[in-house]
1. What do you reckon, is L76 open to solvent by less than 70 Å² (accessible area, probe 1.4 Å), over 19 Å from G123 (Cβ atoms), modelled with pLDDT of 95 or more and more than 20 Å from the chain's Cα centre (by Cα)?
2. Looking at region 91-115, I want the residues that are within 17 Å of L79 (Cβ to Cβ) and have a partner that is open to solvent by 100 Å² or more (accessible area, probe 1.4 Å) and part of a helix (DSSP H, G or I) with Cβ atoms under 9 Å, at least 6 apart or on another chain. Which pairs are those?
3. Across region 1-16, what is the total count of residues that are hydrophobic (A, V, I, L, M, F, W, C) and surrounded by 15 or more Cβ atoms within 10 Å (Cβ to Cβ)?
4. Given the options P107, P96, name the one that is open to solvent by less than 100 Å² (accessible area, probe 1.4 Å) and more than 22 Å from A160 (Cβ to Cβ).
5. What pairs can you find where one residue is in region 1-22 and under 20 Å from N75 (Cβ atoms), the other is outside any loop (DSSP other than H, G, I, E, B) and among the β-branched types (V, I, T), and their Cβ atoms are less than 9 Å apart, with a gap of 6+ or different chains?
6. Looking at A90, A52, A62, A27, which is the one that is open to solvent by 60 Å² or more (accessible area, probe 1.4 Å) and of a type in the set (G, A, S)?
Amino acid sequence: LQKHFKDKDEDFADDFLDDDAKDRQEAAEKYVEKWMERFYGRMDKDQRRQIASEVERLPFDAAAINQQRQRVQNNLIVLLRKLHDQKATAEQAQGPILALLHDAIMPTDPRQKADMERWISAGCQMAASLHNHTSADQRRTVVDRLKGWTGDLNALSKAAPQ
């Protein structure tokens, strides 16, 4: 897991902590385009321009995001080591792991919480704006994909041990 995090941190730094602002912008655009296409399918030239415009306005600070990512990663490694050393059962591990995940999404530290709220708000506004620039076919694609994923999750949850 530490090796995985190290590799992902290097990828993040290469893409989003580059000294060249233009390179950082292009990496962010590619990242958003990839996510949009995962849901909606292929983006056209005008939609890619819209993505570039939306990404340019985002209030994200890659260094702060990276710091938050690494904080969560480090907390997870420490927690997993502790649970391993205690030979914790799945039931004993569930509460602490859920608490860590909750803190990753909605931190208790006021500055980190404010950052996360600002990032979520900006991301939602961007997603809504980009959605408004999709075609009827792309919207059908996202509905079909979400229905498929819902079916997959329902099947997996039924198969999971209770």
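The values are calculated or read from the model by the stated rules, or taken from the named source; none is laboratory data. In this text the structure is predicted, and so the values were computed from the model without any measurement. Here Cβ is always computed from backbone atoms with ideal geometry, including for glycine, and neighbour counts include all displayed protein chains. For the accessible areas, the whole protein counts, side chains as well, though only heavy atoms, and no ligand, DNA or RNA atoms are used. Shrake-Rupley method; radii C 1.70, N 1.55, O 1.52, S 1.80 Å.
1. Details: open to solvent by less than 70 Å² (accessible area, probe 1.4 Å): yes; over 19 Å from G123 (Cβ atoms): yes; modelled with pLDDT of 95 or more: yes; more than 20 Å from the chain's Cα centre (by Cα): no.
When the stated conditions are applied, L76 does not pass them.
2. Taking only residues 6 or more apart or on different chains, the pairs are P96/K82.
3. Our first condition is that a residue be hydrophobic (A, V, I, L, M, F, W, C); within region 1-16, this holds for 1, 5, 12-13, 16.
Still in the running and surrounded by 15 or more Cβ atoms within 10 Å (Cβ to Cβ): 5, 12, 16.
Final tally of qualifying residues: 3.
4. On the way: P96 fails: more than 22 Å from A160 (Cβ to Cβ).
Sole residue among the options that is open to solvent by less than 100 Å² (accessible area, probe 1.4 Å) and more than 22 Å from A160 (Cβ to Cβ): P107.
5. Listed by first residue and then by second, the contacts come to L1/I77; Q2/I77; F5/I77; F12/I65.
6. Details: A52 fails: open to solvent by 60 Å² or more (accessible area, probe 1.4 Å); A62 fails: open to solvent by 60 Å² or more (accessible area, probe 1.4 Å); A27 fails: open to solvent by 60 Å² or more (accessible area, probe 1.4 Å).
Just a single option satisfies the conditions, and that option is A90.
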